Amino acid sequence: MPGVKDFFQAGFSTTCAGGYFNSIELLNHYIHYHHPTLTKVVAKELKLVKEEAESITQEITQIHAVADEMKIIMVAPPAFPEAYFSWARMTFSGFTETLDDLDPKKIAFNIGYYSGQILSSLKLLKVILNISTAVVGIPAFQEQWSNTSKSILKSIKNLEAASNLAVLTPKGPEELSERYAKQFCVAGREIAEAEIDFSNQAYLFLLSSKVENHQKDLIVKNEETNIYLKN
């Protein structure tokens, strides 16, 4: 029977996959622009993102395996961005709607889910920065950055709420609060609240480096958590 650890990882993998699909959607929007430099950079980014397809498929397959064991009804695994969003919503509902709010499994799923949202958003911002450091002044990126930053702050708010429940609930996954969620909140807030100036390449390179470092640290934190988290 899947336990707290399985629910935590299912939540994390559900939204972490969004980084892949969101990036594909963004890059496909710019791949056919009549701008040689932009097209070249976007094609390079698209190739790198698509290299993650196999690992994303494996993670989604694992989510469905846990769902099958729990008799959770799922929609078909997503094959393109438009299908991902409805799949993620259905996955969230399937894993959480039948559980009490204080159930450790539901708390763990939520912590994983909102942490994955933060990492997913950071991935999208990194793709934007990779393009912006090569091609200065793409107007649409300003709004995209603003919207993604707002999404991060919303995810942080939800993650903090779930983290508090982990501490206050008897037998809750308390170890996911201080040792895990806090680091995601700190990293997400630093980037979401950062000033952005798409005309300043030197600053964009600096910000890009910060985002990349946070991505690496948070991925390691997730891997470490899966080692020590009890089921």
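Structure above, values below:
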{"read-out": "Assigned charges on the beta-carbon of Lys, Arg, Asp, Glu; the chain dipole about Cα centre (debye)", "value": "200"}
{"read-out": "Nearest 10 degrees, 0 to 90: helix 53-69 Cα axis against the chain principal axis", "value": "20"}
{"read-out": "Given Lys126/Lys221; Lys123/Lys182; Lys171/Lys221; Lys105/Lys210; Lys150/Lys210, the pairs whose alpha carbons are separated by over 27 Å", "value": "Lys105/Lys210"}
{"read-out": "Using alpha-carbon coordinates, inclination of helix 201-228 to the longest axis of the chain, degrees", "value": "20"}
{"read-out": "Residue order, fewest to most beta carbons within 10 Å, for Val167, Val42", "value": "Val167, Val42"}
{"read-out": "Sparsely packed GluC sites (Glu not before Pro) within the range 68-123, loop by DSSP, other Cβ within 10 Å at most 13", "value": "Glu97"}
{"read-out": "Neighbour count of at most 14 Cβ within 10 Å plus DSSP loop: longest trypsin sites (Lys or Arg not before Pro)-free window in the chain", "value": "72-170"}
{"read-out": "In degrees, nearest ten, helix 4-30 long axis to first principal axis of the chain (Cα)", "value": "20"}
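Rule-based calculations on the coordinates, nothing more; no lab input. The structure displayed is predicted, hence computed values, not measured ones. Note: ideal-geometry Cβ built from the backbone for every residue, glycine included; neighbour counts use all protein chains shown.
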